[in-house]
1. Inside the stretch 147-170, can you point out the residues that are assigned to a strand (DSSP E or B) and not charged (D, E, K, R)?
2. Criterion first (under 30 Å from Gly189 (Cα atoms), among the β-branched types (Val, Ile, Thr), out of contact with any Lys or Arg (no Cβ under 8 Å at 6 or more places or on another chain) and outside the structural domain of Gln157 (by TED's automatic domain parsing)) does Thr46 satisfy it?
3. What is the residue count in the stretch 111-146 for residues that are in a loop (DSSP other than H, G, I, E, B) and at pLDDT 80 or above?
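The values are calculated or read from the model by the stated rules, or taken from the named source; none is laboratory data. Computed from a predicted structure; not experimentally measured. Note that each Cβ is placed from the backbone with ideal geometry, even for glycine, and that neighbours are counted across all protein chains shown.
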Amino acid sequence: MEKSSIVKKLYTKKTQDYTYTIAFFLIFSFFIFYIIRPNLLTVFETNSKIQQLDKINRAYEEQINKVIETQSVFEENREDFILLDQAIGPKPEINKMLSDVVVSTEESTLTSERIDVFDINLKDKDSIAKLKSFTINISMAGTFEDTMAFVKKVYGQRRLKLIPNLELARDKNESSPGANLKIKLQIEGYYL
């Protein structure tokens, strides 16, 4: 008897309304967890990936703009790179540097007493093209005017040279204004 009373209670109007409501909530829950939720997760993941790709795209655009700017500067200065190659050679080329110094010395009527070359590494073959230098020490004798003419000629040549040290000394015995000076000069040459 209990079965029939339970079955009668299930088929009442009030129970049928609740049954439809419960069935609706069960089906709706199924749709939320198995159909709507994965779609929402996919939408949120896609939005975060779009934002990440926008950031990456902006970074790439900046790099491309920098490359374009560098290329335009390169195109504008293409003719001047020949001068740069002459100013800073790929090899030390000490013979050319010494030749330039000797020519400048002869044109300024200075007398060279001693020339020494220091700080040069001929077997260093780094793959990195960084600026390297070597030093030439020169001892000369001559007047102040000749020394200034020599310095101007050294700086006027195409090969990049710097004179970090220049010492002028006069003999204590000679007091005339046109007397010879003892000149010690250091010249730095550069190469890649």
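1. We begin by selecting, within the stretch 147-170, every residue assigned to a strand (DSSP E or B); these are 161-170.
Residues satisfying the conditions are Leu162, Ile163, Pro164, Asn165, Leu166, Leu168, Ala169.
2. Numbers: under 30 Å from Gly189 (Cα atoms): no; among the β-branched types (Val, Ile, Thr): yes; out of contact with any Lys or Arg (no Cβ under 8 Å at 6 or more places or on another chain): yes; outside the structural domain of Gln157 (by TED's automatic domain parsing): yes.
Here the answer is no, as Thr46 does not meet what is asked.
3. Our first condition is that a residue be in a loop (DSSP other than H, G, I, E, B); within the stretch 111-146, this holds for 119-131, 143.
With the extra rule that they be at pLDDT 80 or above, the set shrinks to 143.
Qualifying residue count for the region: 1.
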